[in-house]
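Here's the structure, in structure tokens; my notes come after.
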Amino acid sequence: YQRRVHGLFSLVGMVKRTKKVGVTGKYGTRYGSSLRKQVKKMEITQHAKYQCTFCGKDSVKRQAVGIWGCRSCGKVLAGGAWVMSTTTAATIRSTIRRLREMKEV
């Protein structure tokens, strides 16, 4: 709840600030709702922590566009601009694996 102190509100406890907008609340009413929804999706995925394929911990964060680094083991990975692993990369990996299996047989 809120308590009024000398004309100002002091918050007692945690108060939920936004209902829908989340990280895009910083844009206010600018740019249109559909663009803000797209940006919200991208910002959530780029700021999330991902699982490291080397040490297995959830400590991979985005360092720059396409560069992802594990804060636990220090490995640096190449990935997508917004997500660590893109759908195109997954398709290529499965195709290469399938071709290798065909070559062995």
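The values are calculated or read from the model by the stated rules, or taken from the named source; none is laboratory data. This one's a predicted model, so the numbers in the text were calculated from it and none came from an experiment. Here the Cβ is made from the backbone with ideal geometry for all residues, glycine too, and neighbour counts use every protein chain on show. Ligands, DNA and RNA are excluded from the accessible area calculation, which covers all protein heavy atoms including side chains. Shrake-Rupley method; radii C 1.70, N 1.55, O 1.52, S 1.80 Å.
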Only unsatisfied item for ARG36, checking (1) under 20 Å from THR86 (Cα atoms); (2) out of contact with any Asp or Glu (no Cβ under 8 Å at 6 or more places or on another chain); (3) modelled with pLDDT of 95 or more; (4) open to solvent by less than 90 Å² (accessible area, probe 1.4 Å), is (1)
Checking THR91, THR86, THR45 in turn, the sole residue that is modelled with pLDDT under 95 and over 30 Å from LYS19 (Cβ atoms) turns out to be THR86
Can you find a residue that is in a helix (DSSP H, G or I) and more than 12 Å from the chain's Cα centre (by Cα) anywhere in region 74-88?
yes
Checking VAL105, VAL60 in turn, the sole residue that is modelled with pLDDT of 95 or more, of a type outside the set (D, E, K, R) and either within 16 Å of THR45 (Cβ to Cβ) or open to solvent by 60 Å² or more (accessible area, probe 1.4 Å) (or both) turns out to be VAL60
